[in-house]
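Take a look at the structure below.
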Amino acid sequence: MLVVIKKDYEEVSREAAHIVAGAVRAKPTIVLGLATGSTPLGLYQELIALHRAGSLDFSLATSFNLDEYLGLSPSHPQSFHYFMDQQFFSQVNVPRERIHIPDGTLSGDYDSYCGGYEQSIKSAGGIDLQVLGIGRNGHVGFNEPTSSLASRTRLKALSRETIEDNRHFFASESEMPKCAITMGIGTILDSRRVLLLASGRSKAAAVAKAIEGPITSSVSASALQLHVDVTFIIDEEAAYSLTQRDYYRHVLEMTKIFTPERLT
Ligand code: GLP
């Protein structure tokens, strides 16, 4: 695991963009796993800027989004489809037919739909680079506390905390979806590389539990400790509760001499 601590949100976004852009240039046919939420917005802005400047091409890329609210159509302003379209896809050149976002309008036969989503990821060759944010309760995607660490794409009931964190986006709590379709923790762990971004003091407790706490289904991000190539890019505020900050800086210094594979 690499823990990269940056001064602020802007630096987190720039560092993440540097890694994602490098991965796209190294493998133009890359399969990206993408996340919603406010955290990756800066990353998307940076990638859009690189694309506009002519130095980043997504024409051969494929993408799979982590999750979608159940009950929201792609045109609903709070749907993750709408978010991704507004904040990223309408401004870059990922081919439409290679953009995958779980369908929030499903009604019934969820298992076969979710199995199909997993199959599409496999058929595309698996996710090369998965971008994640983290919820205040340590969730990734919508893998709420107690999600099986082996879980796959499925229907998931949202926790009270997640509903409270997101209800202000909706006119009333009754309009806020209570379930979502999300990739599972097992799905995320199958990605070749994982990048988790976090910013702000409100994420400090979840980040500390994910990085330094025991692996537990109560904090789904802690399962990332089982992954061989995971990088946390977090700002000072999100790093606030970590106890080993000096060590993480030392490891990063050493990556200038040794390859990260030897040190993580
Ligand atoms: C939602 C999403 C997660 C995201 C989290 C944090 O629950 N399903 O993928 O990481 O929110 O969002 P934010 O980045 O806005 O804090």
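For LYS27, a cut-off of 15 angstrom between C-alpha atoms picks up these aspartates and glutamates, skipping any fewer than 8 places away in its own chain: ASP57, ASP128. If you run the Gaussian network model on the chain, springs between alpha carbon atoms under 10 Å, then out of GLY54, GLY184, GLY125 the most flexible one is GLY54.
Fewest neighbouring Cβ atoms within 10 Å first, the residues THR231, THR264, THR259, THR153 line up as THR259, THR264, THR231, THR153.
The calculated 222 nm mean residue ellipticity attributable to helices in the chain amounts to -9500 deg cm²/dmol, summing -39500 (n - 2.57) over DSSP H runs of n ≥ 4 and dividing by all residues. Among rounded, prolate and oblate, which fits segment 117-264 when a ≥ b ≥ c are the square roots of the eigenvalues of its C-alpha gyration tensor, a/c under 1.5 means rounded, and a/b larger than b/c means prolate? It comes out oblate by the Cα gyration axes. For the residues GLY213, GLY33, GLY133, a GNM of the chain with alpha-carbon springs under 10 Å puts the largest fluctuation on GLY213.
Secondary structure note: in the chain, about 25% of the DSSP beta bridges are antiparallel. Note on the chain: Cα convex hull, mean projected area over all directions, 13.3 nm². Backbone amide hydrogens, once placed in the peptide plane, bring ILE127 within less than 5 Å of ARG192, excluding anything fewer than 5 places away on its chain. In the elastic network of the chain, a GNM with C-alpha springs shorter than 10 Å, the most mobile of PHE170, PHE88, PHE58 is PHE170.
When only the Cβ of Lys, Arg, Asp and Glu is charged (+1, +1, -1, -1), the dipole of the chain relative to its Cα centre reaches about 440 debye.
Neighbour counts of C-beta atoms inside 10 Å place PHE232, PHE83, PHE169 in the sequence PHE169, PHE83, PHE232, starting with the fewest.
The fewest-to-most ranking of MET183, MET84 by surrounding Cβ atoms within 10 Å reads MET84, MET183. Under 5 Å between amide hydrogens, built in the peptide plane, is the criterion, and for LEU196 it picks out LEU132, THR231, PHE232, ILE233 among residues at least 5 positions away or on other chains. From the Cα gyration tensor of segment 209-264, with a ≥ b ≥ c the square roots of its eigenvalues, which class applies: rounded if a/c is under 1.5, or else prolate if a/b is larger than b/c, or else oblate? Here segment 209-264 falls in the oblate category.
We did not get these values from a lab; they are worked out from the coordinates using the rules stated. The structure presented is a predicted model; accordingly, all values stated were derived computationally and were not measured. Using ideal geometry, Cβ is built from the backbone for each residue, glycine included, and neighbour counts are taken over all protein chains shown.
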